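Worksheet for the structure shown next.
The values are calculated or read from the model by the stated rules, or taken from the named source; none is laboratory data. Quick caveat, the model's predicted, so the values are computed rather than measured. Reconstructed Cβ throughout: ideal geometry from the backbone, glycine too, with neighbour counts over all protein chains shown. Side chains are part of the model used for accessible areas, which takes the heavy atoms of the whole protein and leaves out ligands, DNA and RNA. Shrake-Rupley method; radii C 1.70, N 1.55, O 1.52, S 1.80 Å.
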Amino acid sequence: MEWGNYSMYADFVLLGLFSNTRFPWLLFALILLVFVISIASNTIMIILIHMDSRLHTPMYYLLSQLSLMDILYISTIVPKMLVDKMVGQRAISFAGCTAQHFIYLTLAGAEFFLLGLMSYDRYVAICNPLRYPVLMSRKVCLLIVVAAWLGGSIDGFLLTPVTMQFPFCAPREINHFFCEVPALLKLSCTDTSAYETAMYVCCIMMLLIPFSVISASYTRILITVYRMSEAEGRQKAVATYSSHMVVVSLFYGAAMYTYVLPHSYHTPEKGKAVSAFYTILTPLLNPLIYSLRNKDVMGALNKALGMCLSSGSVSTL
């Protein structure tokens, strides 16, 4: 279907992340390394949580869902970008762009909600430890996970059809490395201000609700930690609190820049840099932050490595 200077279902061109860098192949190698480590570390987290009975708790169940989201999240964007660089192409079909747009919004929304709900788990564990088995039962954990995935899916189903129904002008060059909403809307041949306002309100709500839960939970946690008499308990609570707050600050901060700050603060270069941070680096940082600061995870990892080494020694005899 064509109208003058645009074709609704024509391919897009992704200008990418490598075009304006002095050492594109060095950046390529760095992103490839980050991708491999992200997939490996998040996969290891899921396997450890599944295999080690000490990690069969609500917190680690939620962490396994976070790792799954991160694997899907980075796999939606980075492989396409790396393959395009290797084969020397930048085109993405209308259907491919739509699918990438939908999956990205769904996973990002799901992670927003999951991080917010994880703060409730930490609040119950620190502020109401005696009621933790009841308040964070298996059924409650399942409801939290379903709510996170459902919330993200609603975001994808609401925004993707509206975004992709706009007519996009030729040459349909997206000054980005994936089909992100703000970059797509810049190509529209029609006025998108009303939709951008509606999307702005939607994003504010999606950020505000989880962030309010996080703020309330950690305010109570800080008060409880301050009142603790045991130094060991206080140290453990602070470690848990700080790990989660690092992840939340990184992810929510980047999202607020992209979707909440006025356009006057945005440039294509800044937008790509911030997007690279939360689509490429955050999936790498999440398992590292949670595992390196967590004795239970490190203990499970050492146990698994010990089993692998011992089985390898037996097989060589």
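Brief remarks follow.
- Residues being over 30 Å from residue 224 (Cα atoms) and open to solvent by 40 Å² or more (accessible area, probe 1.4 Å) - total across the stretch 130-171: 10
- Among residues of the stretch 167-192, those that are in contact with a helix residue (DSSP H, G or I) (Cβ under 7 Å, 6 or more places away or on another chain) and of a type outside the set (A, V, I, L, M, F, W, C), counted: 5
- Breaking point among (1) assigned to a helix (DSSP H, G or I); (2) open to solvent by less than 20 Å² (accessible area, probe 1.4 Å); (3) over 17 Å from residue 10 (Cα atoms), for residue 183: (3)
Results for (1) closer than 30 Å to residue 303 by Cβ; (2) of a type in the set (Phe, Trp, Tyr); (3) modelled with pLDDT of 90 or more, shown as yes or no for each residue.
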| position | (1), (2), (3) |
| --- | --- |
| 54 | yes, no, no |
| 62 | yes, no, yes |
| 66 | yes, no, yes |
| 69 | yes, no, yes |
| 77 | no, no, yes |
| 83 | no, no, yes |
| 90 | no, no, no |
| 96 | no, no, yes |
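- Among all residues of the stretch 109-123, there is none that is open to solvent by 30 Å² or more (accessible area, probe 1.4 Å), at pLDDT 90 or above and not acidic (Asp, Glu).
- Residue within the stretch 83-103 that is hydroxyl-bearing (Ser, Thr, Tyr) and closer than 25 Å to residue 248 by Cβ present: no
- Taken together, the residues in the stretch 266-281 that are polar (S, T, N, Q) and surrounded by 20 or more Cβ atoms within 10 Å (Cβ to Cβ) amount to 2.
- Taking first residues from the stretch 114-125 that are touching a residue at least 60 places away in the same chain (Cβ under 8 Å) and partners that are among the charged types (D, E, K, R) and surrounded by fewer than 20 Cβ atoms within 10 Å (Cβ to Cβ), the Cβ contacts under 7 Å between residues at least 6 apart in sequence or on separate chains come to 123/220.
- Any hit, the stretch 20-27, residues being in a helix (DSSP H, G or I) and polar (S, T, N, Q): no
- Any hit, the stretch 228-243, residues being of a type in the set (D, E, K, R) and at pLDDT 80 or above: no
- Among the candidates 80, 85, residue that is open to solvent by 20 Å² or more (accessible area, probe 1.4 Å), more than 25 Å from residue 156 (Cα to Cα), basic (Lys, Arg) and touching a residue at least 24 places away in the same chain (Cβ under 8 Å): 85
- The stretch 126-172 - residue that is in contact with a Ser or Thr (Cβ under 8 Å, 6 or more places away or on another chain) and of a type in the set (Gly, Ala, Ser) and, of those, nearest to residue 206 (Cα to Cα): 152
- Among residues that are more than 19 Å from the chain's Cα centre (by Cα) and in a helix (DSSP H, G or I), residue 99 is not included.
- Cβ-Cβ distances below 9 Å connect the following pairs, each with a first residue in the stretch 295-317 that is within 25 Å of residue 59 (Cα to Cα), a second residue that is modelled with pLDDT of 75 or more and β-branched (Val, Ile, Thr), and a separation of six or more residues or different chains: 296/57; 297/49; 300/49; 301/44; 304/44; 304/47.
- For first residues located in the stretch 126-148 and closer than 21 Å to residue 210 by Cβ, partners that are open to solvent by 40 Å² or more (accessible area, probe 1.4 Å) and outside any helix (DSSP H, G or I) and lie 6+ apart or on another chain with Cβ distances below 7 Å form the pairs 135/128.
- Screening residue 127 with (1) in contact with a Lys or Arg (Cβ under 6 Å, 6 or more places away or on another chain); (2) open to solvent by 40 Å² or more (accessible area, probe 1.4 Å) gives one miss only, at (2).
- Condition check for residue 23: closer than 21 Å to residue 283 by Cα, open to solvent by 10 Å² or more (accessible area, probe 1.4 Å) and of a type in the set (A, V, I, L, M, F, W, C): no
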